[in-house]
Amino acid sequence: MKISKVTPFLVAPRPSADNWSRGQTMIFVKLETECGLVGWGEAYALEHRQLAIREIILTLGAAVKQMETATPRGFLHRVSRSMDSDHPGIDYASAVSAIEIALWDLLGKSAGLPLYALLGGALINQVPLYANAWDERVQSPQAVADRCAMMKSQGYRAVKIYPLRRATLAEAEACVRLTREAVGPDLDILIDFAIQDDPRHALRAVKLFEPYNPYWIEEPVAGDNLAAMAEIRAATACRITTGERQAGLRQYRDVLVARAADVLNPDIAGAGGILRMLEIGALAEAHGAHISPHSWNSTTVAFMAVLHVCAVMPNATYAELYYDYLELGATFATCDYVMAAGYASLPQKPGLGVEMNEQMLVSLAP
């Protein structure tokens, strides 16, 4: 495939209808080939860095247009690795992800196959989801519990909450307790600590939440604080999860070698794209760990890429869904999946299985 045009799109934040979330800026990229095919990718849109990531996408895109045949692996080896200057930070990895995902979309469309078929074939026919209940403005413990109960009523089998955003540990425990009471014993509750500065405080919170049977504790401390994370993991029976802020295979290897986590959750739009996710998944499997793709992105392009990746990895568990972004995503994208009973069906259309409304994207620009 010869790439003729690379176009990034920024979508401005928009609050959810119930004003639970203010939303976030999203970054998409459209690749066009000389033969008329179109592929879509998405970058992990870190706050205050979106314009910088867009510029990196344009720089990478200019190099991709010089390739006689643009493929995902060729792009990674001939373009992205030569341009990272041995400093592959997450902003750069996010831009690489966007281009790489779009190239996979093109490859699937040119072959007339859904992406998972090109990745070796699906092991499952539906992907289990967890709904993220992030409260942009810190809500009361009861409000969080009520929201999780609403998500359960819609069929979700797992939810993620952020209790330590409350002012005290007592309030944090109330958030977890009320949520468990609201959703019952069978729904999985994932608890995100969003990185605590003090490992001792983090461990106290872990012990406080243990009686409520959390499915995992995410990022009790920073993912590069391997010694502290390993100590916390050794002190609890709860699963420990990290990975969304890492960029580079060696960082994930270091987490596993240090026995610091049970689950890795790299972001498909921030870790380097689909091939990198498969590499991380294989690395985790070799160390007896699971992978649960993080997706603090739209519920369109990046989420579709997550479904394809989860379908082919034997150690994949839940895929993340940002519940509050469903409404906005539906205004500019048509996605080939159905959600039911806490699962997403696999796309059947060629490529990622997403169609984007370009005019709507332009209208939603910041």
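The values are calculated or read from the model by the stated rules, or taken from the named source; none is laboratory data. These figures come from a predicted structure and were not determined experimentally. Cβ placement follows ideal geometry from the backbone for every residue including glycine, while neighbour counts extend to all protein chains displayed.
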ask   = Which of the following residues is within 25 Å of Gly353 (Cβ to Cβ) and at pLDDT below 95: Arg73, Arg22, Arg14?
value = Arg14
Residue check, Lys109 touching a strand residue (DSSP E or B) at 6+ places or on another chain (Cβ under 8 Å), surrounded by fewer than 24 Cβ atoms within 10 Å (Cβ to Cβ) and outside the structural domain of Asp186 (by TED's automatic domain parsing) = yes
query = Counting just the residues of segment 1-48 that are of a type in the set (Lys, Arg) and not in a strand (DSSP E or B), which one comes out farthest from Val306 (Cα to Cα)?
reply = Lys2
task = Return a yes/no flag: does segment 45-68 have any residue that is of a type in the set (A, V, I, L, M, F, W, C), farther than 15 Å from Val96 by Cα and over 22 Å from the mean Cα position of the chain (by Cα).
result = yes
request  = Looking for whichever is of a type in the set (Gly, Ala, Ser) and either crowded, with 18+ Cβ neighbours inside 10 Å or under 22 Å from Asp18 (Cβ atoms) (or both) here; the options are Gly155, Gly121. Which one fits?
outcome  = Gly155
task = Those residues that are of a type outside the set (S, T, N, Q), under 17 Å from Val11 (Cα atoms), modelled with pLDDT of 95 or more and surrounded by fewer than 20 Cβ atoms within 10 Å (Cβ to Cβ), I need them from segment 327-355; list them, please.
result = Ala330, Glu355
request  = Looking only at segment 240-253, decide whether some residue is free of Cβ contacts under 8 Å to residues at least 40 places away in the same chain and farther than 24 Å from Ile90 by Cα.
outcome  = no
query = How about segment 112-152: which of its residues are hydroxyl-bearing (Ser, Thr, Tyr) and either in contact with a strand residue (DSSP E or B) (Cβ under 9 Å, 6 or more places away or on another chain) or over 23 Å from Ser298 (Cα atoms) (or both)?
reply = Tyr130, Ser140
query = If you scan segment 195-212, which residues turn out to be loosely packed, with under 13 Cβ neighbours inside 10 Å and either within 24 Å of the chain's Cα centre (by Cα) or over 16 Å from Ala234 (Cβ atoms) (or both)?
reply = Asp197, Asp198, Pro211
ask   = Residue check: is Leu51 among the hydrophobic types (A, V, I, L, M, F, W, C) and outside any loop (DSSP other than H, G, I, E, B)?
value = yes
remark   = Val11 meets each of (1) buried (at least 20 other Cβ atoms within 10 Å of the Cβ); (2) under 24 Å from Leu118 (Cα atoms) with one exception, condition (2)
query = So is Ser82 farther than 19 Å from Leu352 by Cβ and either outside the structural domain of Leu37 (by TED's automatic domain parsing) or not acidic (Asp, Glu) (or both) or not?
reply = yes
request  = Please work out if Gly89 is within 19 Å of Leu346 (Cα to Cα) and either within 22 Å of the chain's Cα centre (by Cα) or basic (Lys, Arg) (or both).
outcome  = no
task = Go through (1) more than 22 Å from Gly89 (Cβ to Cβ); (2) in contact with a Pro (Cβ under 9 Å, 6 or more places away or on another chain); (3) crowded, with 22+ Cβ neighbours inside 10 Å and name the single condition Ala70 misses.
result = (2)
